Amino acid sequence: MDPVPQTRPQTAPALRRAPVQQRSAERLARILDACAVLLDETGYERLSTRAVAARAGVPIGSVYRFFGNKRAMVAALALRNLDRYAERVSERLAATPLLDAYGAIDGVLDEFIAMKRTVPGFALVDFGVPAAAPGEASGRTGEDGADAVGDAVGGVAGDAVGPGGRDFGGSGSGDGSGSDDEAEPDDGTDPSDGADASDGTDPGDGAVPGDRTDPGDRADSRDEVEDPNRLVAERICGLLAAHLGRPADEELHRKVLVGVETADALVRLAFRADPAGDPALVDETRLLLYAYLAPSLS
């Protein structure tokens, strides 16, 4: 049986340049994979775009080509996590078409727990970006002073930019030449790397004061996962409604949102108590969802 249709298309991250060619899409995937692994190794505060570029094996300009700063990169990872979670739940529901409300709730919770345990970076960044550090919230880089100029210079090398140094091209329309992917030569050189040398040197890596302001770190709703639990609830509501043959009405949306918010808090508690997720707390979460959601789903 085909997977249950999702209620909305896959979420498109706020990319500075959307990949068109397969090679560019693969490069973007490598960047996000490297970001996820480094989140587990270093945490969010010590994460830097340069470290991600080095781990992914791409020039720093390739990272700036897609993302204005590390928050935008992590936001894209969170949205990719959401897409993959929805795919997993959809496949789980489709694999057992006679699941009742309790079985459907099991599928939703079990896939979330499984991703917490196995997907790189998911324990720290599931569907939302960690809270900004005090300096970062004001537009400063905080954990990496050199990243400020790196984001500003690397992000504009070879790109058309909007006010404040931001590139609003999205799919590459900002420079009037379409997506940069179309111009990529077959030797793998990325023309949008601009001044970045092929050895991955970041023009912003020179000594700079730690309080330099990064124009890309200013609040930009395109770079953030706004209200991630609401996005998760929207996806889950559509999947459950389609599977159980009931309308995804306002009441169900509200019930699922409350269930998602509650489960998110309890699962975080379970993983604080045990790195693998405390089984007793996971069971309590399941029982709570049964009692609250099952009557609305039946």
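Amide H contacts for residue 278 (H built 1.01 Å from N in the peptide plane; partners 5 or more residues away or on another chain; cut-off under 5 Å): 271, 273.
Put simply, when 117-125, 70-78, 234-242, 287-295 are sorted by average Cβ atoms within 10 angstrom per residue, most first, you get 70-78, 234-242, 117-125, 287-295.
Evaluated with a Cβ-only charge set (Lys, Arg +1; Asp, Glu -1), the range 34-135 carries a dipole of roughly 620 debye about its Cα centre, given to the nearest 20.
Assuming R0 = 22 Å, can you tell me the calculated FRET efficiency for the pair residue 280 and residue 114, based on Cβ-Cβ distance, to the nearest 0.05? Don't jump to the answer; show the numbers that get you there.
On the way: r = 18 Å, r/R0 = 0.82.
Efficiency, rounded to the nearest 0.05: 0.75.
Taking the 1.4 Å solvent-accessible surface of the range 85-134 as the whole, the part contributed by carbon and sulfur is 58%. Rounded to 0.05, the FRET efficiency of the residue 272 and residue 20 pair, given R0 = 35 Å and the Cβ-Cβ distance, is 0.25.
The values are calculated or read from the model by the stated rules, or taken from the named source; none is laboratory data. Keep in mind that this is a model prediction, so the values were computed, not measured. Counting neighbours? That spans all protein chains shown, and the Cβs are built from the backbone with ideal geometry, glycine included. Surface areas here come from the heavy atoms of the whole protein model, side chains and all, with no ligands, DNA or RNA. Shrake-Rupley method; radii C 1.70, N 1.55, O 1.52, S 1.80 Å.
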